[in-house]
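Asker: Please find one structure pasted underneath; my questions will follow.
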Amino acid sequence: MIGKIFDRHGAFLIFFSTLIIYLLGISNYSTIDGWGYAADIVNGTMLFRPHHLLYSATGFVWVRIITYLFPNAEAIFLLKTLNALVASATILVLFKLLVKLNIDKRDAVIMSLFASVCWGFLRFAIENETYVVPTFLSLLASYFYLQARVDKRSILYILSGFFASLACLYHQIMFFWWLALAIPLLSRTNWKKFMVFTLPALIVPATYILIAAIEGVNLSAKSLIQFVLSDYYNGNATIEFSYKIIAIGLINTARTFIQLHGYIGNLLTSTWYWWIPFATTLLFVLLSVKSLATKKITLKLNDDFLRTHFIALLLQIAFAFLAGGNAEFMAMVPILFVIVTSKHKQIRSFFLYSTVALAIWNISFGVLPYKIYNRDSSDLVINSIEKSGNEKVAYLINNAPKVANRIEYYNLKAPIIIRYNEVSSQELLSSIDSLHSQGYTVYTNCINQPNLISRASLVSTTSKKVDFSRFNLYCIDSAQTPSGWVYLNEIEKR
């Protein structure tokens, strides 16, 4: 009975079950970049950031269309909704691809759901970030690539090359997926297929040149290269490698599948309720391990298509490591992992139990905390700025980039902001004294902050302690977050 349901309605189940999870998972919390892209889109500025050239422009069009129909709709919520829709479409294409690989539909449903609840994909399906759309386009390229193996029509390789190239315009990291698809075609017997596949890639330089001309960039070769790679020239993106980066990369590879963060310990000590999903997840992890215990597992890549995507998987992970062990650059890894392992019938039970375990853990400890505790210290600062009106106020804050992006998003009058992490302790104290002498009221969110292990704490090379004892401190607002309580204090001159 269940098998017939999967056979008849597998695609429907995949799309709508994941869409419900993603839409319900959207919260008020957003990342620094999430607020930044939303601010660009709301204000119609910086719509063509070279690292992910077309993402903000697409979001701008989407928001304008929906707000025309629903004028009161919140832009950042609409952008998250767009990613949720595209993420569900991505999992649907994955299901279709697995079926085309002759995977049983019931197994295809389970494996697709596995990818859908992996933290590296789930986290961006409910956020205004740039990784879901290019993953969808790359997977669509792989779908046509697979179809072209059976149906030899050139149009299928053209479509595959087009979508793989278009993905690169939505994020440059997808170049490695495109490269993996191109490499097997680079032979004497496949040179015509290679030419047909790579021809659509001309849209990439053509689009960059067009946008560069619109943005007033000098069209010399040097200026164009600097424009295309501007994030690397200005330091927003880096290439770095060290033992610490390797360790962070390994942790983030694990986090691609399961949410790991210091705040989980805080949740477990806050109330016994959180131990229910913890224990339930542990049970299914044990079942998944037991399902493998008596089986000899070897990676079988006896299919060109699987080998191609294994190369894509290795390239994407390798570049993520080179980019500081960046977890964001591994958003596509769950999709590629499922494709590469899809032919291994002996791990079907593992996928079933692991899907349940990941769904329980990642929803409970990744999604729900930000639905329950939907404020952070940036909310305290923004609320204070909104209430301050024309008063002379200044803020000493440790999350200045997020606050700055939110100020732009809400079009607020920007107060004086001192970036806690960028100046010395003595300079901070001197700045506070100077502001007091000029009649400013000074606030800070840097006192009594939760001290948890995170990527930021691991890569930080400095620790700062500021002695505020010469001032009177008054807590004027607070909020409970997954990491603990955060506070906004007024720093008053004694």
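Readers should treat all values here as calculations from the given coordinates under stated rules, not as data from a laboratory. This is a predicted model, so every value here is computed, not measured. For neighbour counting, all protein chains shown are included, and Cβ atoms are generated from backbone atoms with ideal geometry for every residue, glycine included.
Asker: Take the Cβ-Cβ distance between Ser434 and Asp303 as r, set R0 to 45 Å, and report the resulting FRET efficiency rounded to the nearest 0.05.
Answerer: With R0 = 45 Å, the Cβ-Cβ based efficiency is 0.10.
Asker: Report the relative contact order of the chain, percent, no decimals, based on alpha-carbon pairs under 8 angstrom and at least 6 residues apart.
Answerer: That works out to 17 percent.
Asker: Under 5 Å between amide H atoms, partner at least 5 residues away or on a different chain: which partners does Gly262 have, H built in plane at 1.01 Å?
Answerer: Ile453
Asker: Another question, if that's okay. What does the helix-only formula give at 222 nm for the chain: each DSSP H stretch with n ≥ 4 adding -39500 (n - 2.57), the total divided by the residues, and the result rounded to the nearest 500 deg cm²/dmol? Please list the in-between numbers first.
Answerer: Values: 24 runs with 302 residues, N = 494.
So the calculated ellipticity at 222 nm is -19000 deg cm²/dmol.
Asker: For the stretch 308-314, take each phi angle, set θ = phi - 60°, evaluate the Karplus expression 6.51 cos²θ - 1.76 cosθ + 1.60, and give the result in whole Hz per residue in order, putting x for glycine and proline.
Answerer: Taking θ as phi minus 60°, the curve returns 4, 7, 5, 4, 4, 4, 5 Hz for the stretch 308-314.
Asker: Let me ask another. Going by alpha carbons, how many degrees (0 to 90, nearest 10) lie between the helix axis of 105-117 and the longest principal axis of the chain?
Answerer: The answer is roughly 20 degrees.
Asker: If I model a spin label as a point 7 Å beyond the Cα along the Cα-Cβ vector, how far apart are those points for Ser17 and Ile214 in nm?
Answerer: It is 4.1 nm.
Asker: If you restrict to DSSP beta bridges whose two residues both lie in the stretch 377-493, what percentage is antiparallel, to the nearest 5?
Answerer: Numbers: 13 of 21 bridges.
Of the beta bridges lying entirely in the stretch 377-493, close to 60 percent run antiparallel.
Asker: Please give the Cα centre distance for the stretch 257-326 versus the stretch 392-425, rounded to the nearest Å.
Answerer: For the stretch 257-326 versus the stretch 392-425, the Cα centre distance is 37 Å.
Asker: Hey, another quick one. Taking every DSSP beta bridge that has both residues in the chain, what percent is antiparallel when rounded to the nearest 5?
Answerer: Of all bridge pairs located within the chain, approximately 60 percent are antiparallel.
Asker: For the stretch 411-420, just list the computed ³J(HN,Hα) in residue order, Karplus coefficients 6.51, -1.76 and 1.60, θ = phi - 60°, integers in Hz, with x standing in for Gly and Pro.
Answerer: Values, residue by residue: 6, 8, 6, 6, x, 6, 10, 9, 8, 3 Hz.
Asker: Give the lysines reachable from Lys413 as a straight Cα distance under 16 Å; neighbours fewer than 8 places away on the same chain don't count.
Answerer: Lys387, Lys392, Lys402
Asker: Can you run phi through the Karplus equation (6.51, -1.76, 1.60; θ = phi - 60°) for the stretch 220-237 and list ³J(HN,Hα) in whole Hz, with x for Gly and Pro?
Answerer: Calculated HN-Hα couplings, in order: 6, 4, 4, 5, 5, 5, 5, 5, 4, 9, 4, 5, 7, 6, 8, x, 5, 10 Hz.
Asker: Still on this model: Please give the FRET efficiency for Ala414 paired with Tyr243, using the beta carbon to beta carbon distance and R0 = 25 Å, rounded to the nearest 0.05. Walk me through the intermediate numbers first.
Answerer: Working: r = 40 Å, r/R0 = 1.61.
Calculated value: 0.05.
Asker: Return the long-range amide H neighbours of Ile417 (sequence gap of 5 or more, or a different chain), with a cut-off of under 5 Å between placed amide H atoms.
Answerer: Amide H neighbours of Ile417: Tyr395.
Asker: If R₀ is 22 angstrom, what is the calculated FRET efficiency for the pair Trp275 and Leu24, using the beta carbon separation as r and rounding to 0.05?
Answerer: The computed FRET efficiency comes out at 0.45.
Asker: Set Lys and Arg Cβ to +1 and Asp and Glu Cβ to -1, take the dipole of the chain about its Cα centre, and tell me which of Leu140, Trp275, Thr18 lies farthest positive.
Answerer: Working it through, the farthest residue towards the positive pole turns out to be Leu140.
Asker: Determine one quarter of the surface area of the Cα convex hull of the stretch 1-127, which equals its mean projected area, and express it in nm² to one decimal.
Answerer: If you wrap the Cα atoms of the stretch 1-127 in a convex hull and average its projections, you get 9.1 nm².
Asker: For Asn234 and Arg348 in one chain, what is 0.36 nm times their gap in residues minus the Cα-Cα distance, to one decimal in nm?
Answerer: 36.4 nm
Asker: Moving on. Compute, for the chain, the length of the dipole vector about the Cα centre, with Cβ point charges of +1 (Lys, Arg) and -1 (Asp, Glu) only. Units Debye, rounded to 20.
Answerer: 1900
Asker: In debye, nearest 20: dipole of the stretch 32-157 around its Cα centre with unit charges on the Cβ of K, R (+) and D, E (-)? Please list the in-between numbers first.
Answerer: On the way: 11 positive and 8 negative charges, 108 e Å.
The dipole of the stretch 32-157 has a size of about 520 debye.
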